[in-house]
Structure formats: structure tokens, C-alpha cells
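See structure below.
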Amino acid sequence: MSLPEFRLTAASATLPAADQKPLRRLHMITWGCQMNVYDSGKMADVLAPLGYGPADGPADADMVILNTCHIRERATDKVFSELGRLRVIKEARAADGKQTILAVAGCVAQAEGAFITERAPYVDIVLGPQTYHRLPEMVARAHRAAGPVIETDFPVEQKFDFLPETAPSQDRAVTAFLTIQEGCDKFCSFCVVPYTRGAEASRPAAAVIAEARHLVSLGAREITLLGQNVNAYHGAGADGRDWGLARLAYALADIPGLDRIRYTTSHPSDMDDALIAAHAEIPALMPFLHLPVQSGSDRILAAMNRRHTADAYRRLIDKLRTTRPDMAFSSDFIIGHPGETTADFDATLQLIRDVGFAQAYSFKYSPRPGTPAAGAPGMVAEAEKDRRLSELQILVREQQDDFNARTVGLEIPVLVTGPGRHAGQIGGRSPYLQAVHMDGPISLAGQIVPVKVDSLMTNSLSATLLNASPRQERASA
Ligand code: SAM
Ligand code: SF4
């Protein structure tokens, strides 16, 4: 399985309602993780006061933002290939007398900076992830056509202090993302994040709680807290002390109407006892945790600078399962990190067998320039990485199928998120983040309903609604 790739038009990000005819049109292409999806929404919010509303596509857009991801191989090539396509559209619009502002955002923008406009001079704005609040000013500078605008500094002030609230006219999303932490100080050998997103920084708890309340007022019932290293969260609390993620989760769970809380992505060494205990005490904390381990070999974990052993990870999983017995886990694995032998790889397979994952993402190691592993000896041949990857993926697929099969026949609470695949169907999410489809009225969107799981589909569960009156997973005031 690979990292999800989101391709959003501005209409599916946060933009003014369709009945408000926009003065200018924005098209947004978003690649990468949920944090980029969240950032795209925020960029749309920042631009809304300038009159930007959704475009039907790039040919219809006065501004196109390509929000990029640098986590995998050939990210930069992919950006330039997309830019080539956008250049043709920009030139065709120019021939009709229309200006198109072309912006490159996200981690490739951060990493490549001015190199982007050197190689693609038709790009107007290059902006790093910490500068989105300054987008209106950059657009004004781009309009003045004073040359490309490049903003990739990490400012001392936090961008969150300047980003607007999600626009009330946006589609009421039942499940919402909320970034609480950015950047990372861990410096894993393979990872670009500390270089592209900068040092670890947490938002103050009050700002997070205010945004969560606002999202709930717009219809959110489930919020996923985001951060590159989300459980390292240590934001300033209302009591003047630093709050960890557990303390924040207790405060968020008190928000009436917020019934489900998730967080991603966590580092095993930052799963402290308070956070583990919170999983037993806060019913709204969903019993599904993405906890990447990357490898099951201590030698490779050390080479990766992961700061824990395979057994420490096993003990952590045991502790979480003791605390919350229905807890399910997903993970990330990197196959073929420099120096990985077949014995190391076998240790990874063994760890997977020992833990039993509900889901997993796996990636062939790809060197990211500037990271320590990129220059390390012992590169694994591509064909061998392919062989190991497919062996690992067969194992995790079996585990995922087993996990899903165990839910057949069970009664579970499903948060209805919208229409299902077919007419008369609705779709939703189980506590374990499984997609669930069932017959039912769309009026149930936003409700948590009891269902009986009937069967497995390829990537979802088919279920029957048990009764039409929605049930709460917990009492909400
Ligand atoms: N913070 C998370 C953690 O500590 O595990 C990971 C976040 S990273 C943005 C998402 C995933 O991309 C990683 O867990 C890793 O499996 C994968 N990844 C990152 N760099 C990679 C590389 N150079 N080659 C292959 N996969 C990589
Ligand atoms: Fe990258 Fe995660 Fe390691 Fe931070 S903890 S360097 S984000 S892999």
C-alpha cells in the first residue's frame, strides 16, 4: 500500500459556497499526507477574502496552487512534469488575455526554493509550509509582476497565529483534520521532514481547542489531530504549563458534539504513560492507532536513529492492548534501508507476525538528498527491495483481511459520513477506520449509528443498519 495521494479541486477544499460567485477562481492540486490536505484548506481560507472561489479546473483558474510532497522518490521530477502541463494552460490563457498565477507550495517548494523558478520561470510563487499566512501579500506581489516571489524561511512567529478560521460556508465535513504540531526534531536517517518542515513546534492548547470547537460548530463529529510527530505535542496550556497530547485529548473530549478523536502520526518513543492511560479513560479516543515502527531489526532501527528497539515496540503494543483490549494498530515499514540484510528483513516479518496489524503502509527505501542514509554504505539492490516489499505486503494484506474478517457478524458503531456507493446507500467509518457501506437515509449523515457487519468487500465492509435512531458512543452534553 502506498501513501494516499489527494487531488483536490478548490471546490473540495474550504472555499466559499457555490452560490457566491467568486471574483477570482482558484484550483488547488494537493499531493501527500493529511497535513497537506489541511494546509490546502487553510490556503483556500486565506485567499477567500481576496475573492478567490472554486474553479472547475486549471483552465478556468486565475490561480493554481500545486501543494507538493517530498517524502518519496522523484518528487521533484513529478512537480516539474505537472508544472509543464500547467505551463501550457497558463500560456493558452495568456493568449486570451487572462493572467494565471502559478504557485508551488509544500515540501518540494521548501526543499528546492529558487531552483523551481530557475528551471520553470513561468512559476510566480514558491512558498514553504510555514509561510501560508503570507499568501495574500505574495499574490499582490505576483500581480505587480516584479519577478518570482520565493518565501521559504521559517519565521519565528507561528503561521497558525495568522491563519483564519475555517470559512463557515464550507461543506460541513463530518470528519475534519486539525494540525496541532509541525516539524520534527528526531532526524531519522532516511527522512526529509526535519529539513523541509523545520524544528518541532506545537500550537497553544487554547488555539487547538478553539479550532476544534469551531469545526464541531460546522458539523464535525470526528477530528483527526495532525502532526509529523503528533504525540511529541507540548503546547502551552491554559494553566501556564506545557500540555502533552494526553492532557489536550482530555480537554478536547469535553467539547459537546465531538464524539471521535484520532491523532496521527505518532513516534513509538513519544507514547508516554499518560497518553496510554488516556486510551482507557477517554471513550472518544478511537481504538485505532497508526504507530510506525519502520523495521523489526534492532541493527536497522539503530541505523535509522529510531531511538527504540523492536522489543520495546512489542512491549509498547502489549501495554496499549492491556490498557484498551480492542485497540488495533497500523504501521509504516521501510524496506531496504542501507545495510538491511535478509536477516534484518526476516526480523521485520517476525515483528509483523508478533504484533498482528490491522493495516500497514510499506515503502521501498528511497534516498532523500541531504539525509544521512542517502550517503550510507550498503544500498540494497532495487530487485531485492522489490522482492522483500512484495513478501511483506502479502503478509500485511493477510493480516488486514483477517482483521476485517473478524468484524463480520459484529455490531459496531459507525459514523455516517455521506452517501454510499450506490443509490439508497450511505457510507461511514468504523472505530477502526474501516469504510462501511449500508442501506439507509442520507439524513443520518453526521450521526453515529449501530450496524451489523454482514460481509467483506475488497476495501470496505458491507453492513445492515440496526435501527434508525442514532446511538452515541458516549454521552455528549
Ligand atoms: N513521523 C512518522 C514516524 O516517525 O514514523 C513518519 C512520517 S513520514 C512523513 C511518513 C512515512 O514515510 C514514514 O513513516 C516512512 O515509512 C516513509 N518514508 C519517509 N522517508 C522515506 C524514505 N526516504 N524512503 C522510503 N520511505 C520513507
Ligand atoms: Fe521523519 Fe517521523 Fe523520523 Fe520525524 S520521527 S524524522 S517525521 S520519520
## Note on the structure
Yeah, region 54-107 with a ≥ b ≥ c from its alpha-carbon gyration tensor (a/c under 1.5 is rounded, else prolate when a/b outruns b/c, oblate otherwise) is prolate
### Message
How are the alpha carbon pair distances in region 327-477 distributed across 10 Å bins from zero to the largest one, expressed in percent?
### Response
10, 31, 23, 18, 14, 4, 0
### Efficiency of FRET from Cβ geometry, R144 and S217, R₀ 25 Å, rounded to 0.05
0.05
### Query
Give me the Kirkwood hydrodynamic radius of the chain in Å, from all C-alpha pairs, to one decimal place?
23.6
## Note on the structure
For V414, other-chain or 5+-apart residues with amide H closer than 5 Å (H placed, Pro excluded) are V449, V451
### Task
Can you tell me how much longer the chain between A376 and E391 gets when fully stretched, taken as 0.36 nm per residue apart minus their C-alpha distance, in nm with one decimal?
2.9 nm
### Query
If one computes the Cα centroid of region 92-129 and of region 181-201, what distance in Å separates the two points?
25
### Query
Summing -39500 (n - 2.57) over the DSSP H runs of n ≥ 4 in the chain and dividing by its residue number, what mean residue ellipticity at 222 nm do you reach, to the nearest 500 deg cm²/dmol?
-10000 deg cm²/dmol
### Query
Which length gain, in nm to one decimal place, applies between S81 and A210 when the Cα-Cα distance is subtracted from 0.36 nm times their residue separation?
42.4 nm
### Message
Can you compute 3J(HN,Hα) from phi for each residue in region 433-447, using the Karplus curve 6.51 cos²θ - 1.76 cosθ + 1.60 with θ = phi - 60°, rounded to whole Hz and x for Gly and Pro?
### Response
6, 7, 6, 10, 10, 7, 6, x, x, 5, 4, 7, 4, x, 9
### Fully extended contour minus Cα-Cα distance, from D254 to S269, at 0.36 nm per residue
2.7 nm
### Query
How about region 58-151: which trypsin sites (Lys or Arg not before Pro) there lie in a loop by DSSP and see at most 11 other Cβ atoms within 10 Å?
R74, R144
### Task
Give me the distance in nm between label points sitting 7 Å out from Cα along the Cα-to-Cβ direction at A238 and A94, one decimal.
5.4
#### Entry: Theoretical FRET efficiency, 1/(1+(r/R0)^6), r = Cβ-Cβ of F187 and L466, R0 41 Å, to 0.05
0.25
#### Entry: Among beta bridges that DSSP assigns inside the chain, antiparallel share in %, nearest 5
35
## Note on the structure
Whole-percent carbon and sulfur contribution to the accessible surface of the chain (1.4 Å, no ligands, DNA or RNA) stands at 54
### Message
Accessible area per residue for the chain in Å², computed with a 1.4 Å probe and the full protein assembly in place, what is it?
### Response
41
#### Entry: For peptides 332-344, 222-234, 307-319, sequence by mean Cβ density within 10 Å, most packed first
222-234, 332-344, 307-319
### Task
Scan around S331 for amide H atoms under 5 Å from its own, H built in the peptide plane at 1.01 Å from N, and keep only partners 5 or more places away or cross-chain.
L291, Q359, A360, Y361
### Task
Can you tell me the relative contact order of the chain? Whole percent, Cα pairs under 8 Å, sequence separation 6 or more.
10
### Query
Just for the Cα atoms in region 232-333, what are the lengths along the principal axes, largest first, rounded to whole Å?
46, 32, 19
### Summary
According to the Cβ-distance criterion of 4.7 Å, cysteines of the chain with no possible disulfide partner are C33, C69, C107, C184
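The values are calculated or read from the model by the stated rules, or taken from the named source; none is laboratory data. All values derive from a computational prediction rather than experimental measurement. When we count neighbours, we look across all protein chains shown, and the Cβ atoms used for this are built from the backbone with ideal geometry, even at glycine. With ligands, DNA and RNA removed, areas are computed over all heavy atoms of the protein, side chains included. Shrake-Rupley method; radii C 1.70, N 1.55, O 1.52, S 1.80 Å.
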